[in-house]
Amino acid sequence: MFAYSQLHGKATPEEQAFQYPGDELIDANYDNGYSSTYAINIDAPAYAVWRYLKQLGANKTGSFSSEFLERTFARLSFFNSYEIQEEYQQPDSMVAGDISAFDFHGMSMEWTDVVPGKYLVSWIDTKMPPSAPGSYAFRFPGMTHFAAAWCFYLIPLEGERCRLINHWRIGYEPGNLFTKTINWINIELVGGCMTNMQCAYFKRVAEFRKKQQHTGKFMRGMLGGKFFNTGTPAGKWDGTPLFDDTYTQWFQYGRMAPAVEGIRPPVTDDPEWPPTAPGTPWADVVDKDYFTDWEEPEFSWDEQIRQKMERSYLPGWGKKKAN
C-alpha cells in the first residue's frame, strides 16, 4: 500500500504545490490545510472524461475505484457502472448544493463548483454541514472538526488528450499527533491507493479499455442464456459487438422505441382505473371521487419537509383548487 500510494501516481512537484480552486474552502476555516494530489494522462478529450466525472456518486454510477474494497472495508454503497447514462448528462443532473453521496445513510459531501469540461469540486466541513436532511459532515475519532475538499481538474493536452488532476485538501481540529496520523493513513495511505485506482479506472474507461466485471459476465451468461446455448436471444443486441462491449444497460435508451410497442403503446393515462362497476373487487370500498379533478402535484421540497416534520399528508393532495 505504501509503494502504490506514495511511489506511484503522484502529481508532479509543481502540481502538488499549486493552489487549486476549492482549496480556499479549507483554508477559510483551518490553518493546517494539507493537500494530496495525484494525476494521470488520458488519451481522450477533456470533455469525454468530464462526462464520467458528472456521474460520480453512490446514487449514480459509483466511485470508479474498487467497488469491492469500497463496500467490504469502507462499508460504502458503491456499485460501478462504466456506461454514459442519459439521466446523468442533463443540465440539472449535477448542480452546486447536490449531495456527493458516499452511501445512502448520510455520509456525504456537497458538490460546490461544477464547471463543465474543466473542474469539479466537492466539499464537506463539520463547521458548515450540508443542508440536505439526512446528510451529515463526517469526521474521524478524536476530531472535533474535519473538512475535506475532493476535486477533479482537467487540463486539455495537444492531440485530443488530457491530464486529470485528482486532488484532496483537508483541515482538522485539534491538530495533534493522533489526528495527524489518522489523516495521513486516511488521505495518503488508504486514500492514495483509492485515488490511484480511480485515476486508472477513469483512464481505462475513457480510452475504451475497461473490461467487464466478472460478476456481470457470469450473470449475463447464466440468466441470459449464453452458457446454455438456448438459441433464444435474451437481448436486442445479442450476437453483436455492441452487446458484448456494453457492460451495463443504458437505462433510458428504450424511450426511443419501447419494446412494448410491439404489442401496444405505453399507457400514460387510464380514465377507467380503478374499476368501480358492480362485481369488481373494490366496488364496495373504492373512493370514486379520489381522481376527480386530480392531477399529479408538482414536486416541492418544502412539502416534503412539512410531511416529515408533521407526519401528515395534505387533504385532497393533487386536487385542482377551485378558482
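The values are calculated or read from the model by the stated rules, or taken from the named source; none is laboratory data. The model shown is predicted, which means the values in this text are computed figures rather than measured ones. Neighbour counts run over all protein chains shown; Cβ positions are idealised from the backbone, glycine included. With ligands, DNA and RNA removed, areas are computed over all heavy atoms of the protein, side chains included. Shrake-Rupley method; radii C 1.70, N 1.55, O 1.52, S 1.80 Å.
Worth a mention:
- Global form of region 1-125, assessed from the alpha-carbon gyration tensor, a/c cut-off 1.5: rounded
- From the coordinates shown, Rg/Rh (Cα atoms, Kirkwood Rh) corresponds to which of (i) 1.00; (ii) 0.96; (iii) 1.06: (iii)
- Solvent-accessible ranking of Tyr119, Tyr313, largest area first, probe 1.4 Å: Tyr313, Tyr119
- Residues Arg51 and Ala257, FRET efficiency given R0 of 25 Å [Cβ-Cβ distance, rounded to 0.05]: 0.55
- Heavy atoms of Trp282: accessible area, 1.4 Å probe, square angstrom to 10: 110 Å²
- Helix 301-310 vs. the chain, principal-axis angle (Cα, 0 to 90°, nearest 10): 80 degrees
- Of the listed residues Met309, Met109, Met1, the order by accessible area with a 1.4 Å probe, largest first, is Met309, Met1, Met109.
- Overall, the accessible surface of the chain at a probe of 1.4 angstrom is composed of carbon and sulfur to the extent of 59 percent.
- Per residue convex hull volume, Cα atoms of region 65-105, in Å³: 87 Å³
- Shape class for region 250-302, computed from the alpha carbon gyration tensor (a ≥ b ≥ c): oblate, with a/c not under 1.5 and a/b at or below b/c.
- Heavy atoms of His214: accessible area, 1.4 Å probe, square angstrom to 10: 150 Å²
- With all protein chains modelled, accessible area of Phe218 [1.4 Å, Å²]: 100 Å²
- On the basis of the beta-carbon distance and an R0 of 41 Å, Thr280 and Thr72 show a calculated FRET efficiency of 0.20.
- Signed unit charges on C-beta, dipole axis of the chain, positive-most listed residue Gln304, Trp111, Trp282: Trp111
- Per-residue ellipticity at 222 nm from helix content only, as computed over the chain with -39500 (n - 2.57) for each DSSP H run of at least four residues, stands at -6500 deg cm²/dmol.
- Inter-label distance for Val115 and Lys288, nm, one decimal - labels placed 7 Å from Cα along Cα-to-Cβ: 6.4 nm
- 5 angstrom amide H check on Ala44, placed H, neighbours 5+ away: Cys162
- GNM top mover of Leu223, Leu120, Leu157 - the chain, alpha-carbon springs below 10 Å: Leu223
- Accessible surface ranking that places the most exposed of Glu83, Glu310 first, with a 1.4 angstrom probe: Glu310, Glu83
- Remark: the chain carries 62 Å² of accessible area per residue (probe radius 1.4 Å; ligands, DNA and RNA excluded).
- Tilt relative to the chain, helix 214-223 - C-alpha long axis, 0 to 90 degrees, to 10: 20 degrees
- Shape category assigned to region 80-191 from the gyration tensor of Cα positions, a/c cut at 1.5: oblate
- Extension gain for the segment Gln89 to Asn59, taken as residue separation times 0.36 nm less the Cα-Cα distance, is 9.4 nm to one decimal.
- Virtual spin-label span in nm between Lys217 and Lys320, 7 Å along Cα→Cβ: 5.8 nm
- In order along region 35-40, the phi-based Karplus estimate (6.51 cos²θ - 1.76 cosθ + 1.60, θ = phi - 60°) of 3J(HN,Hα) comes to 10, 9, 10, 10, 7, 7 Hz; Gly and Pro are listed as x.
- Take the Cα of Trp184, go 7 Å toward its beta carbon, and the backbone nitrogen atoms of region 124-149 under 18 Å from that spot belong to 140-143.
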